[in-house]
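I have placed the structure first, in the form of structure tokens, so that the comments after it can refer back to it.
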């Protein structure tokens, strides 16, 4: 009987320790998790740098959010699908980057805030719209 009582006490002590530990963790403030920088995506037709009305709306939203959040820098990463030559796609990415930067400027963003990164050809031979895009990234 003494052995059973000892096991019972040990079990109670473990449970009390777990409950106290859980309560202490619940009382601590949640840690601040870093949030990803806001990202806006502008999509293009194949072999095109033409801004659709939808693309202009996305860029205007990015400019508005940059002003509201006090972003210090905007990164414009331009991509092209793997259709065509790498050299052509690099040029296309540069053109898309410039077009989006021009539109950001027209929407009230100082050109000096914008860092252009024409990445060029990305992805496999998949010519999907996912690879024909510009990412507008707001950095604090």
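Applying 0.36 nm per residue to the separation of residue 117 and residue 36 and subtracting their alpha-carbon distance, the gain on full extension is 27.3 nm. Expressed as a fraction of 2.2 N^0.38 Å, the C-alpha radius of gyration for segment 39-139 is 1.01.
For residue 91 and residue 67, what does the FRET efficiency come to when R0 = 35 Å and r is the distance between their Cβ atoms, rounded to the nearest 0.05?
Values: r = 31 Å, r/R0 = 0.89.
After rounding, the FRET efficiency stands at 0.65.
Here, segment 53-100 has an Rg and a Dmax of 13.4, 40 Å when only alpha carbons are counted.
No lab work stands behind these numbers, since they all come straight from the coordinates. Remember, predicted model here, so these are calculated numbers, not experimental data. With ideal geometry, Cβ positions are generated from the backbone for all residues, glycine too; neighbour counts draw on all protein chains shown.
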